[in-house]
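Notes follow the structure.
The values are calculated or read from the model by the stated rules, or taken from the named source; none is laboratory data. Everything quoted here is computed from the prediction, not taken from an experiment. Every residue, glycine as well, gets a Cβ built from its backbone with ideal geometry; the counts of neighbours run over all protein chains shown. Surface areas here come from the heavy atoms of the whole protein model, side chains and all, with no ligands, DNA or RNA. Shrake-Rupley method; radii C 1.70, N 1.55, O 1.52, S 1.80 Å.
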Amino acid sequence: MAEGSRKQLRSFVEVGRDSHFPIQNLPFGVFRRRGATEPPRPAVAIGDFALDLAAVSDAGLFDGPLLAGSPCFRQETLNVFLGMGRPAWKEARATLQRILSADEPVLRDNEALRKKCIVPMRDIEMLLPITVGDYTDFFCSVHHARNCGFIFRGPQTPVNPNWFHLPIGYHGRASSVIISGTDIIRPRGQGHPTGDSQPYFGPSKKLDFELEMAAIVGPGNELGKPIDINDAEEHIFGLMIMNDWSARDIQAWETIPLGPFLGKSFSTTVSPWIVTMDALKPFACDAPKQEPEPLPYLAEKNHVNYDIPLEVWIKPKEQSEPSIVTKSNFKHLYWTLTQQLAHHTVNGCNLRPGDMFATGTLSGPEPESFGCLLELTWNGQKEIPVGKSTRKFLEDGDEVILTACCKGEDYNVGFGTCTGKVLPALP
């Protein structure tokens, strides 16, 4: 469907003006009906409803050359569909926009089929939409890198020289990637010793959120065969909001020399809906100029980011409403998604459908746009207001709410929310 016709698109499903999920978006997820025994099913979001893609497929409405008769939407995850690549993704999007259009009677005028296919979100439970084989966490915001350098190393060299030559990353823990709404048990671990004493051991005293976004890999690559930078976008299906929870005291003690481990691996929360790169195209913007110029394998013809406003809210247990603590934007990312993916594979590392790679904390240039409490409180040196309370780091009972939403002229392309509540450490 032509970009010029995007604004005129309208669904027969009523969608509120402030909704994150109009027909221009159609993010993909996996759901289960509450109280039902049937297996999980893929869906797209439309307003306050989920469109059941297994039911759409059973009705024969996917009639294009790639999806007709395909079992990809009769799976419990999206991995098979992701592996089919961009031609199948575009065919699915075009079909779904057509059958949901206000001008198309196939679902609009068939009440029985409508009831099978369109399910109120209040009646469903959202699940992790992919099997995450591997998860990589990058460190690609220059503002975050600079702030962390100032905090831990001082002003002499806040950003290590190698940072401006390659997207820094480390291998995360896929088994603890969890769906939004899952509670977070405060982790225990070691911290820096005081004086000549033994290292501290116990519940983390510096539990933090990290405002990130995660890219979901579509078709992978063979072992030993890198993905060219100018082909990289064909391998990225879409984005989710991510909260890469961090125990800063555990992290600080363990990180040298091999990098984060237990300070990160206890939980990583993602939002339930994957917003496709096709839906994000109208919000593409120039990425920051890179100096020095990147090496040829990272020099891309189409050097773009996306204008995605991001927010973090905290709701302390004793307060009835959450309070906003930061506003940032995806467009501040220094190394683009395509550069991250090309770098990830340049040594021959093979990616697979459903693999996830995250941006790192998405901090902006201003103090009110910092993407974690480590930066907002300068490692606990000051407090920030949270409603009627203050915080240096997260306390038990705090609920953290991340949200992201692109603003079009007369529609949104949003991600919903990514939430988690902190529970006390186990005894």
Residues of the stretch 297-317 classified as under 20 Å from H332 (Cβ atoms) and of a type outside the set (A, V, I, L, M, F, W, C), total: 8
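Pull up the stretch 332-359, narrow it to residues that are part of a loop (DSSP other than H, G, I, E, B) and among the hydroxyl-bearing types (S, T, Y), then point me to the one that is nearest to the chain's Cα centre (by Cα).
T359
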Count of residues meeting criterion [over 14 Å from F209 (Cβ atoms) and either under 15 Å from the mean Cα position of the chain (by Cα) or of a type in the set (V, I, T) (or both)] in the stretch 306-331: 7
Selection count where residues are over 23 Å from F150 (Cβ atoms) and open to solvent by 20 Å² or more (accessible area, probe 1.4 Å), scope the stretch 350-384: 3
All positions within the stretch 199-246 that are polar (S, T, N, Q), touching a strand residue (DSSP E or B) at 6+ places or on another chain (Cβ under 9 Å) and part of a loop (DSSP other than H, G, I, E, B): S204
Among the residues listed as S175, S180, the single one being over 26 Å from I308 (Cβ atoms), among the polar types (S, T, N, Q) and under 25 Å from the mean Cα position of the chain (by Cα): S175
Near pairs, Cβ below 7 angstrom, 6+ apart or cross-chain, from the stretch 139-157 (farther than 15 Å from L374 by Cα) to any residue that is among the hydroxyl-bearing types (S, T, Y) and in a helix (DSSP H, G or I): none
Any pair with Cβ under 6 angstrom, 6 or more apart, that starts in the stretch 303-330 at a residue that is farther than 18 Å from E366 by Cβ and ends at one that is charged (D, E, K, R): I314/D398; K315/E399; P316/D398; P322/K315
Criterion violated by L96 - all others in (1) within 15 Å of G29 (Cα to Cα); (2) in contact with a strand residue (DSSP E or B) (Cβ under 9 Å, 6 or more places away or on another chain); (3) open to solvent by 40 Å² or more (accessible area, probe 1.4 Å) satisfied: (3)
Positions within the stretch 150-164 being surrounded by 13 or more Cβ atoms within 10 Å (Cβ to Cβ) and either within 25 Å of the chain's Cα centre (by Cα) or under 25 Å from A342 (Cα atoms) (or both), in sequence order: V159, W163, F164
Tally of residues being assigned to a strand (DSSP E or B), polar (S, T, N, Q) and either out of contact with any helix residue (DSSP H, G or I) (no Cβ under 7 Å at 6 or more places or on another chain) or open to solvent by 50 Å² or more (accessible area, probe 1.4 Å) (or both) across the stretch 119-141: 0
Test: residue in the stretch 88-95 that is assigned to a strand (DSSP E or B) and under 22 Å from G416 (Cα atoms): no
Any hit, the stretch 314-331, residues being open to solvent by 50 Å² or more (accessible area, probe 1.4 Å) and in a helix (DSSP H, G or I): yes
Qualifying residue in the stretch 71-84 (condition: touching a helix residue (DSSP H, G or I) at 6+ places or on another chain (Cβ under 6 Å), more than 24 Å from M356 (Cβ to Cβ), among the aliphatic types (A, V, I, L, M) and at pLDDT 95 or above): no
Residue among K264, K225 that alone is under 22 Å from the mean Cα position of the chain (by Cα) and open to solvent by 10 Å² or more (accessible area, probe 1.4 Å): K264
P294 vs. criteria touching a Cys at 6+ places or on another chain (Cβ under 9 Å), in a loop (DSSP other than H, G, I, E, B) and open to solvent by less than 40 Å² (accessible area, probe 1.4 Å): no
Subset of the stretch 53-81 (residues that are in contact (Cβ under 8 Å) with a residue 60 or more places away in the chain, crowded, with 22+ Cβ neighbours inside 10 Å and over 22 Å from the mean Cα position of the chain (by Cα)): V56
